């Protein structure tokens with residue numbers, strides 16, 4: 001997978017029913033590697049992994065056409081992964 005995208009989402013919907021549908025829909029998308037509910041300007045952040053821009057475009061269209069209530073979807077693309085780890089720091 002050669003392309004990493006960070007997708008930021010704003011929504012006007014915040015009901016528990018909408019949230020559950022949204023979480024279920026996004027969780028079923030295999031391209032989504034990480035998914036966070038945020039504090040701040042955007043409501044949600046996703047890390048998306050795809051093979052190329054055409055694959056991302058397909059993912060993006062499924063997202064915006066398949067999920068009701070999204071008011072802003074913004075994407076940024078990684079040029080270089082400088083550090084990635086799954087190791088947790090262990091205090092001494």
With the requirement that a residue be out of contact with any strand residue (DSSP E or B) (no Cβ under 8 Å at 6 or more places or on another chain) and either in a loop (DSSP other than H, G, I, E, B) or surrounded by 11 or more Cβ atoms within 10 Å (Cβ to Cβ) (or both), what does the stretch 60-76 give you? 62, 66, 67, 68
Do we find a residue being touching a residue at least 60 places away in the same chain (Cβ under 8 Å) and under 11 Å from the mean Cα position of the chain (by Cα) anywhere in the stretch 8-22? yes
(1) touching a residue at least 40 places away in the same chain (Cβ under 8 Å); (2) assigned to a loop (DSSP other than H, G, I, E, B); (3) under 15 Å from the mean Cα position of the chain (by Cα): which one isn't true of residue 29, the others all being true? (1)
Breaking point among (1) part of a loop (DSSP other than H, G, I, E, B); (2) at pLDDT 95 or above; (3) surrounded by 10 or more Cβ atoms within 10 Å (Cβ to Cβ); (4) out of contact with any strand residue (DSSP E or B) (no Cβ under 6 Å at 6 or more places or on another chain), for residue 13: (2)
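Matching residues to (1) outside any helix (DSSP H, G or I); (2) at pLDDT below 95; (3) touching a strand residue (DSSP E or B) at 6+ places or on another chain (Cβ under 9 Å); (4) farther than 20 Å from residue 80 by Cβ:
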{"position": "1", "(1), (2), (3), (4)": "yes, yes, yes, no"}
{"position": "6", "(1), (2), (3), (4)": "yes, no, yes, no"}
{"position": "9", "(1), (2), (3), (4)": "yes, no, yes, yes"}
{"position": "23", "(1), (2), (3), (4)": "no, no, yes, yes"}
{"position": "34", "(1), (2), (3), (4)": "yes, no, yes, no"}
The conditions are (1) exposed (fewer than 11 other Cβ atoms within 10 Å of the Cβ); (2) in a helix (DSSP H, G or I), and residue 57 fails exactly one of them. Which is it? (1)
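The values are calculated or read from the model by the stated rules, or taken from the named source; none is laboratory data. Please read all numbers here as calculations on a predicted model, not as lab measurements. Every residue, glycine as well, gets a Cβ built from its backbone with ideal geometry; the counts of neighbours run over all protein chains shown.
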